[in-house]
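These notes concern the structure reproduced below.
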Amino acid sequence: MRAWKWLIGGLAALLLLAAIVALAYGSMALPRTRGTVVLQGDGSAGSAYGLAGAVRIERDAWGIPTIRAANERDAWFGLGYVHAQDRLWQLETHRRIGAGRLAEAFGAGALDTDRFLRALAVRRTAQAQWDHLGEASREPLRAYAAGINAVLREQLPVRPPEFVILGIEPERWTPVDSLAWALMMAWDLGGNWRTELLRLRLALKMPVAQVDQLLPPAPGDAPRATADYARLFRGLHLAQAGEDWQRLAAIAPPSGVEGVGSNNWVVAGRRSRTGHPLLANDPHLKLSTPALWYFARIEVPGLSLAGATLPGLPGVVLGQNEHVAWGFTNTGPDVQDLYIEQIDPADPQRYRTPQGWAPFETATELIKVRGGADVTMTVRRTRHGPVISDAGAAGGADLVGGGGRQPAYALALRWTALDPTSDPIAPQAAMQRAASVAQFFEATQGWMVPMQNMVVADDAGHIGMISPGRVPLRRADNDLQGQVPSPGWDARYDWDGWIPVEQTPREIDPERGWIASANNRITPSAYPWYLTNEWALPYRAERIAQLLEARPRHSLDDLAAIQGDQLSLAAVKLLPWLRRAHSTHHLAGAAQALLASFDGRMSADSAAPLIYWAWQRELAQGLFADDTGGALWERSLAGRSFQDALEGVLQRDDRDWCDDRRTAAIETCEQQNDAAFTRALTFIERGWGPDLSKWRWGRAHTMRAEHRPFSHVPWLARWFELRAPVGGDTYSINVSRVALAPDPETGELFLDEHGPSLRALYDLGDRSNSRIVDSSGQSGIPWSIHYHDLLPRWLQVGYVPLWAQGPPTRVLVLEPRR
């Protein structure tokens, strides 16, 4: 009996000790936000980290810091410091992505992504850009890195939980890490290379005219006039190469995801209730935990600045200063071209150019793999750019084709972001200091990538939009026009200069009194330069215009209501076909009764959006999967809505697409519509039961803000990722992209993983009214009150003040040792 008492007592003592240790760790993992820290520095002469004076960090009730410093350099040190305090694991993932070092921390499952990032040469390009930067751009990068490293060196008593669980140590941050992350942000916003690959695969299965119907240009645009590239690819015997190269799209970091975009608009003073301009912005990006953005305020002599920063980079990307506010949407120009490089059959170290055979530039990359052997790969570069097919399995899956047994082709990428002369720092610094719309326009002249539609307003009453960026010109005899991978040995497919800087799209003080963009076509029909034919469908832009024109003057609350609008004009376009569908399913009558009053509003508590999206998914698969083939559909197409292609087929009553080639019968579009409705009802009943009163869009359509990497570990996901039921859809202003392919790990359909990564409203008459919100909170520590305190407001389209209101709740002073 005594032994049992000792055992129970011992266990209780161990549990108590574990609780004490856990509480101590939990407290120490939270950043220090009060008092004075005397920074010791790295032992070099002068003040610690080269600071000119103390840096004061004042946090408000939401954890948003106001950084007060003697100069901008010290302010960027302070920004690096708070990023490291609140988002150290996020910085670690950003650094590893930019360097292609994910497998080193996460194991073999991340090896393919590392291989792609090494082949893409992200880190090597960032180093080349650093080598070209002027001192004015280097200084903020150095100061920012010093701020991060000051936390690592002096103020990190324990590591954040991800480091502990994975058993890794944070590494010193460098300016090149920042430039690499800037490249990855540009990558996220440009995905034309994927469409080129997809067209190649489709052209091996169908004629070009059908490819243009399945992947049509923006409404009102004709398909680009091209040669018969289906015949070209067959002549090059690219069937197997196309299979292998399509795999690159699966292993590459996501980019150009359908439905990902942004909204922004600005109203002039005569269209606002305040008499001053009002500006709204909500970038639609991958939702993450913590959020992609980190809010901060900068106060230095001559500069008062507040807005959204990106952990990994110095500066305020989206925000407001004393005179100007600005917001971005993605333009989406065609600035990526793939090139088929022919390998010399006599010497595989050479490739074909217009002047003959030339050697590849090569480099050796060593990839460390957690729990496995190191992997060595050779990466190559041609006159066009990196050979991304070197990311293929075992370094050889790219070199197939040519109709023979020997390797024949590789695939290279030309992309404007890989230019070593690109400087992402200088234009942003000038934009932050602009005091007028005209000065902001001037500040953008050095902006290269990613091309953005920048709406801007100033306190003098001017509004404008400019879309700066470097966009290539293609020769008149280029008969592929960047639509598909081009033969790299033919000089007519090379780029031929750039759109003149002063002729990128722009508008200032229009008569209508407002400007808006939503990734839609922003150029008039007479615009002389080609940007892209892959503009986003116009439904968000049309809805914004409807609401802006619905009243003569708007308040900031009116703009908030527009940001929360969930009417999907895309659904309105297809609803007539859904309402005429017939089915013998026992729930068909009740479902059609619901749809009769459905106006396209994607409310989370409504059943009709669930019926609509289940039907659209089934209809797209029924019409197109037989033509593309099952493997290509499941791998590359099942997640697309095919909104524009469906509209075209149904409007034309296109029996060629509607016939299922896998059956002997000849199906009509009416039969396909009926069958899709039946399958949709069967699917919903299986998942949500036969009682329509219990069907809810929000039960199926869940926002998931991914945590890297613990969203992929089920027992950890519940503690680290954020989820919530949401309304909206891919085409509503309040975007919540509808994922139509099952999640590869959970099998869930209709997940929302892309949406408003932040919402911002700016008042140019009284900046204290400006407001912001993101989808999580400021902190990256799961038990911090600021890990998810903004999520409820984000869900309700609520906000917090952009500028500090009242005294700070916590003050930390960084005092450099002299």
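Please list the helices of the chain that count as membrane-span-like by this rule: a mean Kyte-Doolittle hydropathy of at least -0.5 together with Cα atoms stretching 24 Å or more along the helix axis, each helix being a complete DSSP H run.
On the way: long enough: 2-29 (40 Å, 1.52); 72-99 (28 Å, -0.79); 135-154 (28 Å, -0.32); 608-628 (30 Å, -0.09); 669-688 (28 Å, -0.55).
Membrane-span-like by this rule: 2-29, 135-154, 608-628.
For the range 277-283, backbone phi angles converted through the Karplus equation (6.51, -1.76, 1.60; θ = phi - 60°) give residue-by-residue couplings of x, 10, 9, 10, 7, 8, x Hz, Gly and Pro being listed as x.
For the range 249-380, what does the accessible surface come to per residue with a 1.4 Å probe? Please give it in Å².
Numbers: 4120 Å² over 132 residues.
It amounts to 31 Å² per residue over the range 249-380.
When a/c reaches 1.5 or more, the comparison of a/b and b/c decides; with that in mind, is the chain rounded, prolate or oblate per its Cα gyration tensor? In terms of gyration-tensor shape, rounded. Stretched out straight at 0.36 nm per residue, the stretch from Asp131 to Asp653 would grow longer than its current Cα-Cα span by 182.1 nm. With the whole protein complex present, Glu753 retains an accessible surface near 40 Å², based on a 1.4 Å probe.
At full extension, Trp357 and Ser597 could sit 79.8 nm farther apart than now, given 0.36 nm per residue minus the alpha carbon distance. Here the calculated FRET efficiency for Ala460 and Thr36, from their Cβ-Cβ distance with R0 = 41 Å, stands at 0.50, rounded to the nearest 0.05. Between Leu30 and any residue 5 or more places off or on another chain, the built amide H atoms are never under 5 Å apart. If R₀ is 56 angstrom, what is the calculated FRET efficiency for the pair Ala222 and Arg810, using the beta carbon separation as r and rounding to 0.05? My answer for the efficiency is 0.40.
Helices in the chain, meaning DSSP H runs of at least 4 residues, each add -39500 (n - 2.57). Divided by all residues, the mean residue ellipticity at 222 nm is -10500 deg cm²/dmol.
Proximity of backbone amide H atoms, modeled 1.01 Å from N, is registered between Met703 and Ala724, Val726, Asp752 at under 5 Å, excluding neighbours fewer than 5 places apart on the same chain.
On a full-extension model of 0.36 nm per residue, what is the gain between Trp688 and Leu366, subtracting their alpha-carbon distance, rounded to one decimal in nm? Provide the component values of the computation, followed by the final result.
On the way: separation 322, 0.36 × 322 = 115.92 nm, distance 4.92 nm.
Extra length available between Trp688 and Leu366 comes to 111.0 nm.
For the range 506-565 versus the range 472-498, the spacing of their alpha-carbon centroids is 32 Å. Sequentially through the range 206-212, phi angles give Karplus couplings (6.51, -1.76, 1.60; θ = phi - 60°) of 8, x, 4, 4, 6, 4, 5 Hz, Gly and Pro residues having no value and appearing as x. Checking the a/c ratio against 1.5 first, then a/b against b/c, what shape does the Cα gyration tensor give for the range 422-559? Oblate is the answer for the range 422-559, as a/c is 1.5 or above yet b/c matches or exceeds a/b. Sorted on the mean count of surrounding Cβ atoms within 10 Å across their residues, most packed first, peptides 754-766, 571-583 read 754-766, 571-583.
Quickly rank 134-145, 180-191 as a protection proxy: mean count of other C-beta atoms within 10 Å, highest first. The partial results should precede the final answer.
Details: 134-145: 19.0, 180-191: 22.8.
In decreasing order of mean packing, 134-145, 180-191 become 180-191, 134-145.
Each residue of the range 699-716 was assigned a 3J(HN,Hα) from its phi angle through the Karplus curve 6.51 cos²θ - 1.76 cosθ + 1.60 (θ = phi - 60°); the sequence is 5, 8, 9, 9, 6, 10, 9, 5, 9, 9, x, 7, 5, 9, 10, x, 6, 9 Hz, with glycine and proline shown as x. The amide H of Asn453, built 1.01 Å from its N in the peptide plane, has Thr329, Asn330, Thr331 as neighbours under 5 Å, considering only residues 5 or more places off or on other chains. Remark: the Cα gyration tensor places the range 494-645 in the oblate category, a/c being 1.5 or greater and a/b not exceeding b/c.
Only the Cβ atoms of Lys and Arg (+1) and of Asp and Glu (-1) were treated as charged; on that basis the dipole of the range 231-284 about its Cα centre amounts to roughly 380 debye.
With the whole protein complex present, Cys669 retains an accessible surface near 10 Å², based on a 1.4 Å probe. A simple spin-label model places the labels of Trp529 and Glu511 2.6 nm from each other, with each point 7 Å out along Cα-to-Cβ. Per-residue surface analysis assigns Glu361 an accessible area of about 110 Å², computed on protein heavy atoms at 1.4 Å probe radius. Considering only Leu305, Asn281, Leu650, and ranking their Cα positions along the charge dipole of the chain that arises from unit charges at the beta-carbon of Lys, Arg, Asp and Glu, the one farthest toward the positive end is Leu305.
The distance separating the Cα centre of the range 16-37 from that of the range 644-717 comes to 48 Å.
Sort Arg793, Arg771, Arg234, Arg271 from largest to smallest accessible area, using a 1.4 Å probe on the heavy atoms of the protein chains.
Details: Arg793 95, Arg771 55, Arg234 130, Arg271 30 Å².
The residues order as Arg234, Arg793, Arg771, Arg271, largest area first.
Report the far tail of the P(r) of the range 131-240, meaning the percent of Cα-Cα pairs longer than 25 Å. Percentage above 25 Å: 55. In a reduced charge model with +1 at each Lys and Arg Cβ and -1 at each Asp and Glu Cβ, the range 541-587 shows a dipole moment near 300 debye about its Cα centre.
Note down the net charge around His712, summing +1 for each Lys or Arg and -1 for each Asp or Glu among other residues with Cβ under 11 Å from its Cβ. Within the 11 Å Cβ shell, the charges total -3.
The values are calculated or read from the model by the stated rules, or taken from the named source; none is laboratory data. It should be emphasised that the depicted structure is a prediction, and the values quoted were computed from it without experimental measurement. Every residue, glycine as well, gets a Cβ built from its backbone with ideal geometry; the counts of neighbours run over all protein chains shown. Note: accessible area is taken over every heavy atom of the protein model, side chains too, but ligands, DNA and RNA are not part of it. Shrake-Rupley method; radii C 1.70, N 1.55, O 1.52, S 1.80 Å.
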